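What follows is a set of notes on a single structure, which appears directly below.
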Amino acid sequence: MSSAVRRLSQYLFKRYSVPAPAPPAYVAPPPSKEDLNYADLTIIDLSKAKTAEGRKALAEEVVKAMGSHGFFYVINHGYTQEQTTRVFSIANLTFDEVDAEEKKVYTGQSGTVYEGYKPRQTWKIEDGVQDQIEHYNINRDVRKREHPQALKPHLKEIEAFATHNHFNVLYPILRLLALGLELPEETLVEQHKFEAVGESSVRFMKYFPRSKEEEKRTKQVWLKGHTDIGSVTILWSQPIGGLQILSPDGEWRWVRHIDNALVINAGDVLTFLCGGFYPATRHRVIQPPADQVGQPRLGVFYFSMANDDVKLIPHEESAVLQRAGIQRLCEDKDAPTMEEWRKNRTLAYGSSQLVASQEKGVEEEVISGVVVKHYN
């Protein structure tokens, strides 16, 4: 089929296909009005990344943001507020419109990859308390697995959402990160190809309120301080508070909601590949602010990971790393592949026995020869 015929075929499909029915509308609650200790995060206007000059300027901003907080916002990412609202509505029906018996059918069966539903009370939090978080994970190849009946009319939109996150958000960010290391723009993109074997994925996540006794026993922590397994985490901002980051001064600070913005952070894989120049961000989730207590917290994410066969060693050719020095998590000869790191960290998360560290408030485990820290 010629490219012209393919384009015409795609156009006719979009033009005359029957639109998906509207999902039950999710109405987001208002943002908190509490006086909270918010982190002062950089806002990156991704529309400026369309030119070489714009990318150069944005790369400098991203380097500063990653060095200070490890988090930043992205605006002008290509989705309208209406599109974002619809995605949240689809995310919500994943939990509210699928009954318990059908959820069992689509519950993930693998301990080494997040797929389908993760039920509540799967992960250990503290003092015998387990989590109250349910999530549904969808590989970027949306058709790779079957999905609940309620989601089937919306698979085309979920596919578009996964593709948009990968090509229009992740790739531009990876180019900025590469420029910040004075590497060719496509260096990190080549290690995160959409068509490669890997587990970059969309995740819908719902945090449910807990009992007063559970809150007391865990000191209101819903998800312990941790770093993400993959490369870049894309969080679609939502108004229920709870996300906090551990600032360089040792203070936990709240992340403020911005309408139709993305919250971006680095995961372990960037620490491996970028020689510690972009450290994985330490963050946690706690009980929402006082004026939002008792409300479920709906999350929409895109978790990116490198191609499964990528060996997680630093880009020694970076002039920046040569000047700043390379911080390795392990010796290059012992470095895991993305697949090995993903499987081992997923298998251990929320189930392994952690050991108290010499650092105050830190627990540790060793995965693939690398010390992984959890922060309380």
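The values are calculated or read from the model by the stated rules, or taken from the named source; none is laboratory data. Because the structure is predicted, anything quoted here is derived from the model rather than measured. All Cβ positions, even for glycine, are placed from backbone atoms using ideal geometry, and neighbour counts span all protein chains on display.
Between Asn307, Asn265, which is among the polar types (S, T, N, Q), touching a Gly at 6+ places or on another chain (Cβ under 9 Å) and assigned to a loop (DSSP other than H, G, I, E, B)? Only one candidate qualifies: Asn307.
The rows are residues; the columns are (1) under 18 Å from the mean Cα position of the chain (by Cα); (2) over 17 Å from Asp131 (Cβ atoms); (3) surrounded by fewer than 19 Cβ atoms within 10 Å (Cβ to Cβ); (4) of a type in the set (Ser, Thr, Tyr).
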residue: Arg282; (1), (2), (3), (4): yes, yes, no, no
residue: Phe301; (1), (2), (3), (4): yes, no, no, no
residue: Ala324; (1), (2), (3), (4): no, yes, yes, no
residue: Arg342; (1), (2), (3), (4): yes, yes, no, no
residue: Gln358; (1), (2), (3), (4): no, yes, yes, no
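Yes/no matrix, rows are residues, columns are (1) of a type outside the set (D, E, K, R); (2) not in a loop (DSSP other than H, G, I, E, B):
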site: Leu321; (1), (2): yes, yes
site: Leu329; (1), (2): yes, no
site: Glu340; (1), (2): no, yes
site: Arg345; (1), (2): no, yes
site: Glu359; (1), (2): no, no
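With respect to the stated conditions, Phe72 fails to be closer than 17 Å to Leu243 by Cβ, in a helix (DSSP H, G or I), modelled with pLDDT of 95 or more and aromatic (Phe, Trp, Tyr). Taking the range 225-279 as the range and being hydrophobic (A, V, I, L, M, F, W, C), within 15 Å of the chain's Cα centre (by Cα) and more than 29 Å from Asp291 (Cβ to Cβ) as the test, the residues that pass are Ile229, Val232, Ala266, Val269, Leu270.
Kindly establish whether Ala162 is assigned to a helix (DSSP H, G or I), under 16 Å from the mean Cα position of the chain (by Cα), small (Gly, Ala, Ser) and modelled with pLDDT of 95 or more.
yes
The listed residues are Glu101, Glu157, and the only one of them that is in a helix (DSSP H, G or I), among the acidic types (Asp, Glu) and without any contact (Cβ under 8 Å) to a residue 24 or more places away in the chain turns out to be Glu101.
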